[in-house]
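See structure below.
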Amino acid sequence: MNSVDKAIQTQLDNIQKKTGKSLAELAVIARKSGLTKHGELREMFKTELGLGHGDANMLVHHVFQSDGASVAEGKDTDAILNEIYTGAKAAQRSIHEALMKHINAFGEFEVAPKKGYVSLRRKKQFAMLGPKTNTRFEVGINAKNLKKNVRLVEQPTGSMCNYIVALTDAKEVDAELIAWIKSAYEGAG
């Protein structure tokens with residue numbers, strides 16, 4: 001089992017401990033709710049079971065096998081990148097490549113491609129890279145206590161990343177952004 005699978009299993013184990021219910025029981029709750037939209041189910045788990053955003057999100061993905069890892073399973077990184085950066089999002093691949101050029105110099109880490117983004121992990125996820133819209137690329141950064149900056153958008157507690165930085169051009173990949181990602185890398189492992 002790779003580190004991503006271990007992390008997911010640990011999160012699912014913790015969800016069962018928090019709720020006192022097995023994954024099968026939680027799946028029954030989801031299916032009997034009559035809700036069909038991911039966001040509605042996530043909010044139900046947050047409200048009714050007291051789960052945080054990340055745990056509720058993971059639970060919905062697990063129950064309906066809709067997570068990016070399941071969708072990307074069996075495909076190599078290049079194939080996933082070709083799917084992510086297609087059509088109107090194709091131009092954003094240059095941002096991805098500019099970031100990876102710098103991040104690859106940090107040292108060893110795992111690239112875990114998902115359906116619409118790429119997760120970068122050591123012992124835990126330190127960054128997420130991918131297009132958010134047809135014109136905006138986002139870098140999610142998991143670092144604590146970064147100095148406030150207009151580019152760093154702090155995320156609510158329980159989010160997949162502590163900060164988001166939006167980019168529209170590869171020229172925005174600068175020393176400041178790389179330093180933030182490096183801080184996250186160092187803290188992850």
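The values are calculated or read from the model by the stated rules, or taken from the named source; none is laboratory data. A quick note: this is a predicted structure, and the numbers were derived from the prediction, not measured. Positions of Cβ are backbone-derived with ideal geometry, glycine not excepted, and every protein chain shown enters the neighbour counts.
Figure legend. Inter-residue proximity from the stretch 40-62: first residues over 19 Å from residue 10 (Cβ atoms), second residues part of a loop (DSSP other than H, G, I, E, B) and at pLDDT 85 or above, beta-carbon distance below 8 Å, spacing 6+ or different chains. Indicated pairs: 41/33; 41/35; 44/33; 44/35; 46/52. Flag: residue 181 matches the condition of being buried (at least 17 other Cβ atoms within 10 Å of the Cβ) and either outside the structural domain of residue 110 (by TED's automatic domain parsing) or in contact with a helix residue (DSSP H, G or I) (Cβ under 7 Å, 6 or more places away or on another chain) (or both). Against the criterion of being at pLDDT 90 or above, in a helix (DSSP H, G or I) and not hydrophobic (A, V, I, L, M, F, W, C), residue 40 does not qualify.
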